[in-house]
Structure formats: C-alpha cells, structure tokens
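The values are calculated or read from the model by the stated rules, or taken from the named source; none is laboratory data. Since the model is a prediction, treat every value here as computed from it, not as a measurement. Reconstructed Cβ throughout: ideal geometry from the backbone, glycine too, with neighbour counts over all protein chains shown. These accessible areas exclude ligands, DNA and RNA; they are computed on the full protein's heavy atoms, side chains included. Shrake-Rupley method; radii C 1.70, N 1.55, O 1.52, S 1.80 Å.
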Amino acid sequence: ITLSEQWAAVTSARGAVCGDSALLSGTSVVPWQIGIRTNINECERITDACQGEMKCFNHYGGYLCLPRSASVITAPESPSQSQLHMTVESNEAFNPCPVGYHAQGEGCADLDECELDMHDCQPSQTCINTLGSFSCQCPEGYSKIGLECVDIDECRYRYCQHRCVNIPGTFSCECDPGFQVAANNRSCVDVNECEMGAPCEQRCYNTYGTFLCRCEQGYDLGPDGYSCNDIDECSYSSYMCQYQCVNDPGKFSCICPEGYQLLGTRLCQDVNECENGLHQCGADQSCVNIHGGYQCVNSNHCQEPYIQVAENRCTCPLMKPECRDLPYSIVHRYMSITSDRSVPSDIFHIQATSVYPGAYNTFRIRSGDDNGDFYIRQINNVSAMLVLARAVTGPREYTLDLEMVSVNPLMSYQTSSSLRLSVYVGPYSF
C-alpha cells in the first residue's frame, strides 16, 4: 500500500466518524504533545525495599537490589530524560509508518533516535541506533541490569594466577612477594632478586619466589639472613696452630716465634742460622744450631793440661803427671732437645772409638747431672745410651761429662775417655 493510499484510508475513516466538517477542519495546525514522565524513587518511598546484605539502587521506572560491593554508574535526571516533548503538525498526527520509522516519500525510513536525542540512555552509556529502535550500551567492564550499568567482578572468573583485585570497570592482577606480573598481565613470573640488588652482603642465590644469602668460607650468616660475620677460628681450639693463631677476616693464620719458621700452614720448624749464614760468630768460633737460635763456641776447647789434637778433640799426654787421674781424651759434642719432652726418652748414643782386646768398658755420667735428670743405659761393651729421665723445660743448658772406663784385668790396665756433651733445651715443645 502506498503512502497516498494510506492517507486516503485514514481520511475516509475520519470522515466516517467526524463528518465532512471534521475533514475540513483538519487543515489547521493543532499541537500534539506527548505527556511528561516523572521517575519515582522507590528506594526512598519503600521501607526495606532490599533485604539482607542487598543494597537498593533506584533507576528510571523501577529499582534494583544488588550486593553492597557492587558499583553502579548513575546520573541525575536531565530534562531530556524526564521530559520528552514532540510537537507535530496536524498533518503529521497520524504516522503511517511503524514505531521507530518516519515517512520518507512514499516509504518509511528508520528514525535515528540517537542522533535526534530521542533516547533515554544515561550519560555513562552509549546510544546504539538499531532498525526501528535503539539500545543503550554500558562501558567495558560493566553489564546492564535494567537501566543501570553494574560493574562486572572479573575476579570471580579467576583470571589471575595469584591475586585478583577488582576495580570499577576492570581488574588488575597482583603477585605474591618474589614474583612479578608477566607480559600477559595475568601470570606471575619469578623475580631474580640477586640481579635487582638483593641485600646479601657476599653471595646471593636466586630461588623460586625468593632468594638465599650465603657467605664466603670463614664467615657465618648473621641473624638477619643477609650479613656475614667473621668466624674466629682461633677461639675454637688451642690446637689450631702449633705456636700462635692469628684471626683474620674470613680466615686465620699461624705464626711462629723468633728463630722458627712456618712449616706448612700450622707447624713451626727451627731455623738453622748456622747453615743459612744468619749467625754472628767470629772467625775463631764455631756456630752451633739449637732450637730457636744458635750458640757461638770457641774452636779450641782444650784447657790445660789438655792439648788439641783434632777438631773438638783434646788429649792429656801421659808424660804429664797431672794427667794421671784425668780421662785420657775429651771429645766435645753439642745437641738440642725440645721442652717438655716425654720421658723416659733416649737422646744420645755413645759409641767407643777405640777398643782394646780383653778390656771391659763401663759408662757413667761423671758430672753435670746434679738433679738426676739423666741416666746411662749400657747397650753392650762398646756402646751406651743417654736417657732423659725427667721432663725439663727450657730455655736451659746442661754440660754433661759422659765417661767410658776401660779395664783390662789381665794386664792390670785401666784408662778412661770422656765425652763432654752440651745439651740445650729449647723454649718450646717443638
């Protein structure tokens, strides 16, 4: 049916009801006004409109009961929403097109309510024109309930790996300590705290979600888990070093007394000043090395009535009357022992250099052992052992005359020889 045919049908109907005079009067302009709409706030008028933990939200034409945590975008009424006026001339009082359309030529065209501001969308909503109507669209992150836009709680859908924080219109993901949000804004990846300035004083080891601090050898991790404290190894035991332990940051070292040098890392060894040329003995003296030092002794030890016949050897000639009761020969020897040596201890082996047939030899300490610190143990007819009987502490020096007496009963002959032994006791047990 064409627009002219529709109009003819309408005028015929009017004529049938109102008569010809009504048709003629239809040429004048008569304002036709759509009525005024006033919204009622049910939340204020109705007592306890929402029960329990629900909250009342008023909207045009009704109200909503939503959780108290819900976020709703609302806007005050505007004249364009509370009142919608449309004035048409009498010749447009009857629209031959369906609602949402307007006459255009001999046909009907869609009426764009959004462009003509003939919609009731809230300012926070977007008006979308559709064929014959329109729709109000909420912002992203909101869903439409009635006429209102209600925030969507995305955290209900477990988008985040660790923690989800809902905010109006969207959400954000947070990670536990030791993690950070990945590029997809949802997953959590481990943070390498060691590369980000972890407070470890010495060594840092990254682990999943955290980190560990460790210390170098010689240090202990402090109570705070970050700092490193030096270990005093010297306080652990008195046996760390043979002489003295010195604590250093992160380690320890051993030192030796004067006259000794370090052997390895902990032991002390006597320095042989005589071999190393570190002595100050004169030309007519001999250097004798002892524990912790040295002694300078005269090269000629012989005293009257003895005469020197070889190095360290003196004899008393038989033609001298004063030699009759003295040992025929004296040999000078030197030795050094440590302090606090375990006893009994063999310290010097005595060996006869001249043996006469049929002679019997005996050994004894002639002099120098006033306190009985030593004794002689004879091994056989030509040898004996000097034994330390009691522990001695140095520095100390003994001069022992060790005598070998030879007796030949067949020839009624007796003679003796002496070994003058200088024993130096060092100041330490090493």
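Checking each residue in region 358-414 for being part of a loop (DSSP other than H, G, I, E, B) and among the basic types (Lys, Arg) picks out only Arg390. Only one of the numbered conditions (1) of a type in the set (Ser, Thr, Tyr); (2) closer than 21 Å to Phe57 by Cα; (3) not in a strand (DSSP E or B) is violated by Tyr159, and that is (2). Taking the listed residues Gln261, Gln285, Gln269, the one that is modelled with pLDDT under 95 and either in contact with a Leu (Cβ under 7 Å, 6 or more places away or on another chain) or over 30 Å from Asp220 (Cα atoms) (or both) is Gln285, with no other qualifying.
Taking first residues from region 311-330 that are under 17 Å from Ala352 (Cβ atoms) and hydrophobic (A, V, I, L, M, F, W, C) and partners that are modelled with pLDDT of 90 or more and surrounded by 14 or more Cβ atoms within 10 Å (Cβ to Cβ), the Cβ contacts under 7 Å between residues at least 6 apart in sequence or on separate chains come to Ile330/Tyr306; Ile330/Cys314; Ile330/Ser418; Ile330/Arg420. Can you work out which of the residues in region 183-241 that are among the hydroxyl-bearing types (Ser, Thr, Tyr) and surrounded by fewer than 11 Cβ atoms within 10 Å (Cβ to Cβ) is modelled with the highest pLDDT? The residue in question is Tyr208.
For Gly277, the conditions (1) open to solvent by 60 Å² or more (accessible area, probe 1.4 Å); (2) over 28 Å from the mean Cα position of the chain (by Cα) all hold with the exception of (1).
Only one entry in Asp370, Asp340, Asp346, Asp401 is open to solvent by 30 Å² or more (accessible area, probe 1.4 Å), over 60 Å from the mean Cα position of the chain (by Cα) and of a type in the set (Asp, Glu), namely Asp370. When region 162-182 is filtered for residues that are in a loop (DSSP other than H, G, I, E, B) and surrounded by fewer than 16 Cβ atoms within 10 Å (Cβ to Cβ), the ones remaining, listed by number, are His162, Pro168, Asp176, Pro177, Ala182.
Pairing each residue of region 54-77 that is farther than 10 Å from Glu148 by Cα and part of a strand (DSSP E or B) with any residue that is at pLDDT below 80 and among the basic types (Lys, Arg), provided the two are 6+ apart or on different chains, yields C-beta distances under 8 Å for Met54/Arg68; Lys55/Arg68. Listed by first and then second residue, the pairs with beta-carbon distance under 9 Å, at least 6 apart or on different chains, first residue in region 36-53 and of a type in the set (Val, Ile, Thr), second modelled with pLDDT of 85 or more and surrounded by 10 or more Cβ atoms within 10 Å (Cβ to Cβ), are Ile46/Cys56. Of Ile290, Ile255, all but one fail to be surrounded by 15 or more Cβ atoms within 10 Å (Cβ to Cβ) and modelled with pLDDT of 95 or more; the exception is Ile290. Of the residues in region 406-418, none is farther than 29 Å from Leu318 by Cα, surrounded by 15 or more Cβ atoms within 10 Å (Cβ to Cβ) and touching a residue at least 60 places away in the same chain (Cβ under 8 Å). Taking every residue in region 214-228 that is within 19 Å of Asp248 (Cβ to Cβ) and pairing it with any residue that is part of a loop (DSSP other than H, G, I, E, B) and of a type in the set (Val, Ile, Thr), at least 6 positions away or on another chain, the pairs with Cβ-Cβ distances below 7 Å are Gly218/Ile231; Tyr219/Ile231; Asp220/Ile231.
Mind checking whether some residue in region 117-128 is polar (S, T, N, Q) and outside any loop (DSSP other than H, G, I, E, B)? Among the residues of region 117-128, at least one is polar (S, T, N, Q) and outside any loop (DSSP other than H, G, I, E, B), which makes the answer yes. Exactly one residue out of Gln137, Gln104, Gln81 is polar (S, T, N, Q), at pLDDT below 90 and closer than 24 Å to Leu64 by Cβ, and it is Gln81. Looking across region 26-51, the residues that are open to solvent by less than 100 Å² (accessible area, probe 1.4 Å) and either modelled with pLDDT of 75 or more or touching a strand residue (DSSP E or B) at 6+ places or on another chain (Cβ under 9 Å) (or both) come down to Asn39, Ile40, Asn41, Glu42, Cys43, Ile46, Ala49, Cys50.
Among the residues of region 284-333, those that are within 24 Å of Leu386 (Cα to Cα), more than 60 Å from the chain's Cα centre (by Cα), hydroxyl-bearing (Ser, Thr, Tyr) and not in a loop (DSSP other than H, G, I, E, B) comprise Thr315, Ser329. Beta carbons closer than 7 Å, at least 6 apart along the sequence or on distinct chains, pair a first residue in region 154-171 that is within 9 Å of Gly141 (Cβ to Cβ) with a second that is aromatic (Phe, Trp, Tyr) for Glu154/Phe171; Gly169/Tyr142; Phe171/Tyr159. Restricting attention to region 237-263, the residues that are over 21 Å from Gly426 (Cα atoms) and either in contact with a helix residue (DSSP H, G or I) (Cβ under 8 Å, 6 or more places away or on another chain) or not in a loop (DSSP other than H, G, I, E, B) (or both) total 7. Check region 209-228 and report whether any residue there is part of a strand (DSSP E or B), farther than 30 Å from Cys138 by Cβ and of a type in the set (Asp, Glu). Looking for residues that are part of a strand (DSSP E or B), farther than 30 Å from Cys138 by Cβ and of a type in the set (Asp, Glu), one finds at least one in region 209-228, hence yes.
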